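Asker: Shown below is the structure under consideration.
The values are calculated or read from the model by the stated rules, or taken from the named source; none is laboratory data. Everything numeric here is computed off the predicted structure, so don't read it as measured data. Please note: Cβ atoms are built from the backbone with ideal geometry, for glycine as well, and neighbour counts cover all protein chains shown. Remember, those area values only see protein heavy atoms, side chains included, never the ligands or the DNA or RNA. Shrake-Rupley method; radii C 1.70, N 1.55, O 1.52, S 1.80 Å.
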Amino acid sequence: MTDLDLSTLRGGLIVSCQAYPGEPMRHPETMTQIAESAVRGGAVAVRAQGIADVRLIHDRVALPQIGLWKDGDGGVFITPTLDHALAVARAGAEIVAIDGTRRERPDGLGLAETVRRLREGTGVLVMADVGSVADGLAAADAGADLVGTTLCGYTDERPRTDGPDLEVLAELVARLEVPVVAEGRVHTPAHASSCIDAGAFAVVVGTAITHPATITGWFAQAVAR
Ligand SMILES: CC(=O)N[C@H](C=O)[C@@H](O)[C@H](O)[C@H](O)COP(=O)(O)O
């Protein structure tokens with residue numbers, strides 16, 4: 001059962017601390033150090049992937065955590081089943097992020113049933129990662145506590161915008177009562193600020209803060225002649 005007061009996240013920066021399979025930084029200790037650094041920088045919460053990372057960050061970082069478990073990289077892969085979600089909750093995440101699209105889930109459960117059973121079993125809050133306005137409306141109907149624009153540009157419903165998908169963000173903000181979190185391709189402080197201006201409840205930044213290989217690539221490209 002979480003006693004997280006969501007208002008502590010309002011208007012704040014959430015830092016997503018993730019490394020991908022095969023990468024040098026893919027280690028719970030490393031991701032925990034990144035999360036500890038995010039605390040120093042003023043994050044209000046962190047987001048982390050994988051049971052070992054979620055557990056260690058829960059033990060060591062005194063901030064609320066959005067946990068997820070990525071399984072696979074195509075189709076429904078962000079905490080794809082109820083069992084994945086229960087495991088993330090048991091590892092200590094106060095908020096569990098799950099795929100919140102309208103696509104069929106690998107365990108055949110609907111989103112509403114997944115949300116209900118996850119919440120009943122653990123008392124966590126549920127963040128639905130969505131790829132479109134239609135997804136977001138359906139996820140709120142299904143009972144999600146928060147809706148994130150995380151999957152906009154990663155399903156076939158939206159183009160992959162250069163920067164956050166402000167159009168989906170603003171429309172969800174206008175149409176939903178639950179908090180809408182901006183996530184995905186927030187690459188600069190100006191992007192983050194524009195998400196808040198569009199009404200985001202909070203802004204998640206991953207790559208631009210915690211993924212040095214990509215950031216290095218941006219700079220390498222800028223100096224290339
Ligand atoms: C689509 C997908 O798999 N998104 C993942 C969700 O947890 C992460 O790989 C992203 O890094 C995260 O959403 C933050 O976004 P960005 O790294 O663009 O700031």
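Asker: Among the residues of the stretch 129-140, write down those that are touching a helix residue (DSSP H, G or I) at 6+ places or on another chain (Cβ under 8 Å) and more than 14 Å from the ligand (Cβ to nearest atom). So that I can check it myself, show each step before the final result.
Answerer: Here is the first cut: in the stretch 129-140, the ones touching a helix residue (DSSP H, G or I) at 6+ places or on another chain (Cβ under 8 Å) are 130, 132-133, 136-139.
Those that are touching a helix residue (DSSP H, G or I) at 6+ places or on another chain (Cβ under 8 Å) and more than 14 Å from the ligand (Cβ to nearest atom): Val133, Gly136, Leu137, Ala138, Ala139.
Asker: I've got another one for you. What is the number of the single condition among (1) open to solvent by 10 Å² or more (accessible area, probe 1.4 Å); (2) assigned to a loop (DSSP other than H, G, I, E, B) that Glu36 does not meet?
Answerer: With respect to (1) open to solvent by 10 Å² or more (accessible area, probe 1.4 Å); (2) assigned to a loop (DSSP other than H, G, I, E, B), Glu36 is out only on (2).
Asker: Name the pairs: first residue in the stretch 105-132 and in contact (Cβ under 8 Å) with a residue 60 or more places away in the chain, second residue part of a helix (DSSP H, G or I) and open to solvent by 60 Å² or more (accessible area, probe 1.4 Å), Cβ to Cβ under 9 Å, at least 6 apart or on different chains?
Answerer: Thr122/Arg90; Leu125/Arg119
Asker: Restricted to the stretch 114-172, and to residues that are among the polar types (S, T, N, Q) and farther than 16 Å from Leu86 by Cβ, which residue is most open to solvent (accessible area, probe 1.4 Å)? It would help to see each step written out before you state the result.
Answerer: Taking the stretch 114-172 as the starting set, the residues that turn out to be among the polar types (S, T, N, Q) are 114, 122, 132, 149-150, 155, 161.
Going one step further and asking which of them are farther than 16 Å from Leu86 by Cβ, we end up with 132, 149-150, 155, 161.
Details: Ser132: 6, Thr149: 7, Thr150: 15, Thr155: 25, Thr161: 41 Å².
The qualifying residue most open to solvent (accessible area, probe 1.4 Å) is Thr161.
Asker: Then there is this: Can you find a residue in the stretch 7-20 that is farther than 22 Å from Val203 by Cβ, open to solvent by 50 Å² or more (accessible area, probe 1.4 Å) and more than 16 Å from the ligand (Cβ to nearest atom)? Show your work before the answer.
Answerer: Quick first cut of the stretch 7-20, residues farther than 22 Å from Val203 by Cβ only: none.
Looking for residues that are farther than 22 Å from Val203 by Cβ, open to solvent by 50 Å² or more (accessible area, probe 1.4 Å) and more than 16 Å from the ligand (Cβ to nearest atom), one finds none in the stretch 7-20, hence no.
Asker: In addition: Do we find a residue being among the basic types (Lys, Arg), assigned to a helix (DSSP H, G or I) and in contact with a Gly (Cβ under 9 Å, 6 or more places away or on another chain) anywhere in the stretch 45-55?
Answerer: Quick first cut of the stretch 45-55, residues among the basic types (Lys, Arg) only: 47, 55.
Of the ones still in play, those that are also assigned to a helix (DSSP H, G or I) are 55.
Filter once more, so that each one left must be in contact with a Gly (Cβ under 9 Å, 6 or more places away or on another chain): 55.
Scanning the stretch 45-55, I find at least one residue that is among the basic types (Lys, Arg), assigned to a helix (DSSP H, G or I) and in contact with a Gly (Cβ under 9 Å, 6 or more places away or on another chain), so the answer is yes.
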